[in-house]
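Student: Take a look at the following structure, please.
The values are calculated or read from the model by the stated rules, or taken from the named source; none is laboratory data. These numbers were taken from a predicted model, which means no experiment stands behind them. Here the Cβ positions follow ideal geometry from the backbone for every residue, glycine too, while neighbour counts run over all protein chains shown.
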Amino acid sequence: MAPHATPGSLAPDEALRARARKVIPGGMWGHMNVARLPPGYPQFFRSARGCRLWDVQGTEYIDLMCGYGPMVLGYGDPDVEAAAAEQRGRGDLMTGPAACQVELAELVVETIPHADWVLFAKNGSDAMTACVTIARAGTQRRKVLVARGSYHGAAPWCTPSLAGVTAEDRAHILHYDYNDIASLERAADEAGRDLAAVLVTAFRHDVKRPQEAPTPAFAQAMRRICDAAGAALVLDDVRAGFRLHIGGSWEPYGVRPDLCGWSKAIANGHPLAAVTGNDRFREAAQQVYVTGSFWCSAVPMAAAIATIKKLRATGAIATMEAMGRRLREGLEQQARAHDLPLRQTGPVQMPLIMFDDDQDFTLGHRFVLEALQRGVYMHPWHNMFLSAAHQVADIDRVLEATDGALRQVAASVDRRHPAKAAQ
C-alpha cells in the first residue's frame, strides 16, 4: 500500500477544492467537509472497493469510516450491486413503485421484531422527522423529549446549527440527559399530558466525547415512562441499525420501540431510509403526509433486499464485531507499550478513539494524520465504522499503521503535560 502523499502535493484535490469554492457555498458542506479535520486530509475520492478508498491522486487507504456508515458489507458488494443492476435494467424511478417495494417491506417486517409496518424515505433526517410527525399524529400531542447533544438529523427541529432556525421550530422540544433516569423523569413531568414522544439514540454517539451504551435500567425506564404517559418511544437507529443487531439495536436490552428510524446501512450505500412502527401507530402513519419525488426509486430497494438477506445469511454483524474486537485489543496493547492514555469507547464495530486530557485534540489530530500517512483513514472525534469487508489482514494492516502513528505521538508528548504535544 502506498503511503499518503507528502504535505503540499495534493494538487488534484486542491484544484477541485478551488473549483468547488466558486460554485458551492464554502466549497463543501455537511458532515463530509474535511475543513473540520486537520490539514492533510483529502476531500475528493476517485474510487472505492471493499474496505479501501483511493483519493483523486490515486493514494490508497484502508477506510474506517465506510462513507460515515452506509457501507456495511463493503464498497461495491457484488451481490448488492448485481441486484441493483438487475432492477435498474427494468426501471428505477417510475410513475409508481416497483414490486420490490412490497418485497422489501415484507422482509423488513419479518426481520425486525417490533415492526408491524414500514415506510420508506431517502435519509435519516426524513426518517426521524417522519417518526416525530407520526408520533404527534397518533397521540394528538406536541412535546418531544430529546437527549442533550444527541444528533437526529438536519431538519430545523433537530439540527445542531441555529442558523436559519427559529425558536418556534423547537418550541415543543424538551431535553434530558442520556442514561440519566432522573432527568428523563423531570422532562416527562414538564411535558405532562402533552408528551407525544421520547427520542433516543441506539447508544450515546455525540461527537467529541466518549461514547456511552445505554444502561438496561435507562432503557427500561424509557419504555416505562412512555407506557405510563401514552407516548411513543422512538429509537433513532439511523447510525447503528444493522451493525449491532439485525433486529434493532435495543433488542439485546429487551426493550422495543413504538417507532424507529433507519438509514445508512439499510442498502449498503444506495440512498434509502425507513420508518418502522407497531400497530398502535399504523393509522397515524396512514394519516400524515410525508413524501418525496425519489422515495419510490426501485434500485435502492432492490439493493436493500440484497443487503438485508446477506446480513442475515452470512453472519456479517458477528464478523464486524470480531474485527472490531481485534482492533480494540490491538490498540490497547499498543497504547500500553507506548505509555499513552488512549481511550476507546462505543461498540467495537463503531469505535471512537480519543486520548485522555486532549481537549483541543492535539494528540488526536497528530495520531490520525500519522495513520493517514500510513494508508489508514480514521477520524479524530467522530465514531468510526467497520464493515463486513474488513478482514483479519486488513485489521492487522491497520494495527501496523496505528503502531507507527502511536510511536510518533508518544515521541511528541511532553510527559509533564500529557495534553501538550510538540509542534
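Student: May I ask you to verify whether VAL198 is in a strand (DSSP E or B) and surrounded by 21 or more Cβ atoms within 10 Å (Cβ to Cβ)? Break it down into steps so the answer makes sense when it comes.
Tutor: Numbers: in a strand (DSSP E or B): yes; surrounded by 21 or more Cβ atoms within 10 Å (Cβ to Cβ): yes.
In short, yes.
Student: While we're here: Are any residues in the stretch 277-319 out of contact with any Pro (no Cβ under 9 Å at 6 or more places or on another chain) and among the small types (Gly, Ala, Ser), and if so, which ones?
Tutor: Those that are out of contact with any Pro (no Cβ under 9 Å at 6 or more places or on another chain) and among the small types (Gly, Ala, Ser): ALA284, ALA285, GLY292, SER293, ALA302, ALA303, ALA304, ALA306, ALA313, GLY315, ALA316, ALA318.
Student: Farther than 21 Å from GLU283 by Cα, of a type outside the set (Lys, Arg) and crowded, with 21+ Cβ neighbours inside 10 Å - does that describe any residue in the stretch 91-101? Break it down into steps so the answer makes sense when it comes.
Tutor: Just the residues of the stretch 91-101 that are farther than 21 Å from GLU283 by Cα, to begin with: 91-100.
When the remaining residues are screened for being of a type outside the set (Lys, Arg), the result is 91-100.
Remaining after also requiring crowded, with 21+ Cβ neighbours inside 10 Å: 100.
Within the stretch 91-101 (the criterion being farther than 21 Å from GLU283 by Cα, of a type outside the set (Lys, Arg) and crowded, with 21+ Cβ neighbours inside 10 Å), the answer is yes, since at least one residue qualifies.
Student: Determine, yes or no, whether ALA265 is in contact with a Lys or Arg (Cβ under 7 Å, 6 or more places away or on another chain), farther than 25 Å from LYS143 by Cα and not charged (D, E, K, R). Outline the logic, then answer.
Tutor: Values: in contact with a Lys or Arg (Cβ under 7 Å, 6 or more places away or on another chain): yes; farther than 25 Å from LYS143 by Cα: yes; not charged (D, E, K, R): yes.
Spelling it out, ALA265 is indeed in contact with a Lys or Arg (Cβ under 7 Å, 6 or more places away or on another chain), farther than 25 Å from LYS143 by Cα and not charged (D, E, K, R).
Student: Taking the conditions exactly as written (in contact (Cβ under 8 Å) with a residue 40 or more places away in the chain, outside any loop (DSSP other than H, G, I, E, B) and either in contact with an Asp or Glu (Cβ under 6 Å, 6 or more places away or on another chain) or farther than 16 Å from ALA85 by Cβ (or both)), does VAL275 satisfy them or not? Walk me through it before giving the result.
Tutor: Numbers: in contact (Cβ under 8 Å) with a residue 40 or more places away in the chain: yes; outside any loop (DSSP other than H, G, I, E, B): yes; either in contact with an Asp or Glu (Cβ under 6 Å, 6 or more places away or on another chain) or farther than 16 Å from ALA85 by Cβ (or both): yes.
Yes: the conditions hold for VAL275.
Student: Now a separate question. Just checking, how many residues over the stretch 329-340 are surrounded by fewer than 19 Cβ atoms within 10 Å (Cβ to Cβ) and under 26 Å from the mean Cα position of the chain (by Cα)?
Tutor: Looking only at that region, the number is 3.
Student: Determine whether THR166 is surrounded by fewer than 16 Cβ atoms within 10 Å (Cβ to Cβ) and under 23 Å from THR133 (Cβ atoms). Let's see the steps before the verdict.
Tutor: Values: surrounded by fewer than 16 Cβ atoms within 10 Å (Cβ to Cβ): yes; under 23 Å from THR133 (Cβ atoms): yes.
So THR166 passes the test.
Student: I would also like to ask the following. Can you pull out the residues in the stretch 166-195 that are within 19 Å of ALA228 (Cα to Cα), charged (D, E, K, R) and part of a helix (DSSP H, G or I)?
Tutor: Result: GLU185, ARG186, ASP189, GLU190, ARG193, ASP194.
Student: Which of (1) surrounded by 17 or more Cβ atoms within 10 Å (Cβ to Cβ); (2) outside the structural domain of ALA121 (by TED's automatic domain parsing); (3) part of a helix (DSSP H, G or I); (4) polar (S, T, N, Q) does GLN344 not meet, given it meets every other one?
Tutor: Condition (3) is where GLN344 drops out.
Student: For ALA322, are the conditions met, namely being in contact with a Phe, Trp or Tyr (Cβ under 6 Å, 6 or more places away or on another chain), at pLDDT 95 or above and within 29 Å of ALA84 (Cβ to Cβ)?
Tutor: On the way: in contact with a Phe, Trp or Tyr (Cβ under 6 Å, 6 or more places away or on another chain): no; at pLDDT 95 or above: yes; within 29 Å of ALA84 (Cβ to Cβ): yes.
The answer is no for ALA322.
Student: Considering GLU190, GLU185, GLU251, GLU212, which residue is touching a helix residue (DSSP H, G or I) at 6+ places or on another chain (Cβ under 9 Å), surrounded by fewer than 20 Cβ atoms within 10 Å (Cβ to Cβ) and of a type in the set (Asp, Glu)?
Tutor: Among GLU190, GLU185, GLU251, GLU212, only GLU185 is touching a helix residue (DSSP H, G or I) at 6+ places or on another chain (Cβ under 9 Å), surrounded by fewer than 20 Cβ atoms within 10 Å (Cβ to Cβ) and of a type in the set (Asp, Glu).
Student: A further question follows. Take the residues in the stretch 370-392 that are assigned to a helix (DSSP H, G or I) and surrounded by fewer than 21 Cβ atoms within 10 Å (Cβ to Cβ); name whichever of them is nearest to the chain's Cα centre (by Cα).
Tutor: As a first pass, look at the stretch 370-392 and keep what is assigned to a helix (DSSP H, G or I): 370-373, 392.
Okay, now just the ones that are also surrounded by fewer than 21 Cβ atoms within 10 Å (Cβ to Cβ), so 373, 392.
Values: GLN373: 25, VAL392: 23 Å.
For the stretch 370-392, the residue satisfying everything is VAL392.
Student: Next question. Among the residues of the stretch 102-124, count how many are of a type outside the set (A, V, I, L, M, F, W, C) and surrounded by 20 or more Cβ atoms within 10 Å (Cβ to Cβ).
Tutor: Pass one, the stretch 102-124, residues of a type outside the set (A, V, I, L, M, F, W, C): 103, 106, 110-111, 113-114, 116, 122-124.
Filter once more, so that each one left must be surrounded by 20 or more Cβ atoms within 10 Å (Cβ to Cβ): 114, 124.
Residues meeting the conditions: 2.
Student: Identify, from the list ASP258, ASP237, ASP279, ASP227, the residue that is within 19 Å of GLY67 (Cα to Cα) and modelled with pLDDT of 95 or more.
Tutor: ASP237
Student: If you don't mind, another one. Which residues, counting only those in the stretch 189-212, are more than 24 Å from GLU251 (Cα to Cα) and either among the hydroxyl-bearing types (Ser, Thr, Tyr) or over 14 Å from the mean Cα position of the chain (by Cα) (or both)?
Tutor: So the first thing to find is which residues in the stretch 189-212 are more than 24 Å from GLU251 (Cα to Cα), and the list is 189-195, 207-209.
Result: ASP189, GLU190, ALA191, GLY192, ARG193, ASP194, LEU195, LYS208, ARG209.
Student: Is at least one residue of the stretch 159-170 at pLDDT 95 or above, in contact with a strand residue (DSSP E or B) (Cβ under 8 Å, 6 or more places away or on another chain) and in the same structural domain as GLY292 (by TED's automatic domain parsing)?
Tutor: No - not one qualifying residue is present in the stretch 159-170.
Student: Further, regarding this structure: Only one residue in ARG328, ARG374 is among the charged types (D, E, K, R) and touching a residue at least 24 places away in the same chain (Cβ under 8 Å), so which one is that? Give the steps one after another, and end with the answer.
Tutor: On the way: ARG328 fails: touching a residue at least 24 places away in the same chain (Cβ under 8 Å).
Answer to the check: ARG374.
Student: Which of the residues that make up the stretch 311-321 are surrounded by fewer than 18 Cβ atoms within 10 Å (Cβ to Cβ), under 20 Å from the mean Cα position of the chain (by Cα) and of a type in the set (A, V, I, L, M)?
Tutor: Across the stretch 311-321, the qualifying residue is only ALA318.
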